[in-house]
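Inspection log for the structure reproduced underneath, given as structure tokens.
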Amino acid sequence: MGITRLNHAVLYVRDVERSVAFYSQVLGFSRVPIDIPGMAAAFMQAPGSTNDHDLGLFQIAAGAGPSQAGRSTVGLYHLAWEVDTLVELRELAGRLADHDALGGASDHGTTKSLYGRDPDGLEFEVAWIVPADLLDQQALAARTRIGRLDFDREIERYGADTRGGVGISQPA
């Protein structure tokens with residue numbers, strides 16, 4: 001059996017409604033009508049997704065401490081989602097900044113990535129992936145070093161509306 005993709009992620013959060021607002025306003029997720037009786041939970045679907053849900057949010061005590069994963073405990077570092085175009089990625093950078101949730105913007109050569117934090121400090125990545133037919137030695141060589149993401153340069157190089165991930169994470 002080969003695993004082909006991530007179907008959904010489930011996060012523990014302090015305040016489910018605050019998290020719903022964040023993932024809706026910043027990443028464009030929409031709430032889907034799934035309930036778990038007796039539990040404060042929400043299920044959300046990413047824009048354009050055909051999954052019944054892509055993200056589950058389960059509320060725990062408001063006084064719960066922050067995740068120590070990677071600091072003093074093992075645990076998940078971050079999830080990574082994709083966007084279709086560099087324009088979408090640049091627009092998302094603005095929304096993350098407006099919500100004081102932008103942790104960084106990096107050029108990994110073959111991927112262009114934003115790093116964000118949700119209201120509980122849980123980290124995530126949103127990336128645009130260079131399509132297979134546009135990969136060149138410069139992009140492949142840059143995978144060994146992380147640089148600063150320059151949206152204007154990358155849009156000039158790859159195009160504003162070029163669909164990312166084609167032939168890599170998306171069918172050709």
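The values are calculated or read from the model by the stated rules, or taken from the named source; none is laboratory data. It should be emphasised that the depicted structure is a prediction, and the values quoted were computed from it without experimental measurement. Please note: Cβ atoms are built from the backbone with ideal geometry, for glycine as well, and neighbour counts cover all protein chains shown.
Let's see how each residue does on (1) modelled with pLDDT of 95 or more; (2) in the same structural domain as Val83 (by TED's automatic domain parsing):
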residue	(1), (2)
Asp136	no, yes
Ala141	no, yes
Arg145	no, yes
Asp152	yes, yes
Gly164	no, no
Gly167	no, no
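In region 1-116, counting only strands (runs of 3 or more DSSP E) that sit wholly within it, the ones holding 3 or more residues that are of a type outside the set (Lys, Arg) span 9-13, 41-45, 55-59, 79-82, 102-107.
What do you reckon, is Ala132 at pLDDT below 95, surrounded by 11 or more Cβ atoms within 10 Å (Cβ to Cβ), under 18 Å from Ala105 (Cα atoms) and of a type in the set (A, V, I, L, M)? Judged against the criteria, Ala132 is not a match. With respect to the conditions (1) within 14 Å of the chain's Cα centre (by Cα); (2) farther than 30 Å from Pro131 by Cβ, Tyr12 lacks only one, and its number is (1). Those residues that are out of contact with any helix residue (DSSP H, G or I) (no Cβ under 9 Å at 6 or more places or on another chain), among the aliphatic types (A, V, I, L, M) and part of a loop (DSSP other than H, G, I, E, B), I need them from region 123-144; list them, please. Answer for region 123-144, where residues must be out of contact with any helix residue (DSSP H, G or I) (no Cβ under 9 Å at 6 or more places or on another chain), among the aliphatic types (A, V, I, L, M) and part of a loop (DSSP other than H, G, I, E, B): just Leu135. Restricting region 145-172 to residues that are in contact (Cβ under 8 Å) with a residue 24 or more places away in the chain and in a helix (DSSP H, G or I) leaves a set whose member that is nearest to Tyr115 (Cα to Cα) is Phe151. Taking region 50-92 as the range and being aliphatic (A, V, I, L, M) and under 28 Å from Asp107 (Cα atoms) as the test, the residues that pass are Leu55, Ala69, Val74, Leu76, Leu79, Ala80, Val83, Leu86, Val87, Leu89, Leu92.
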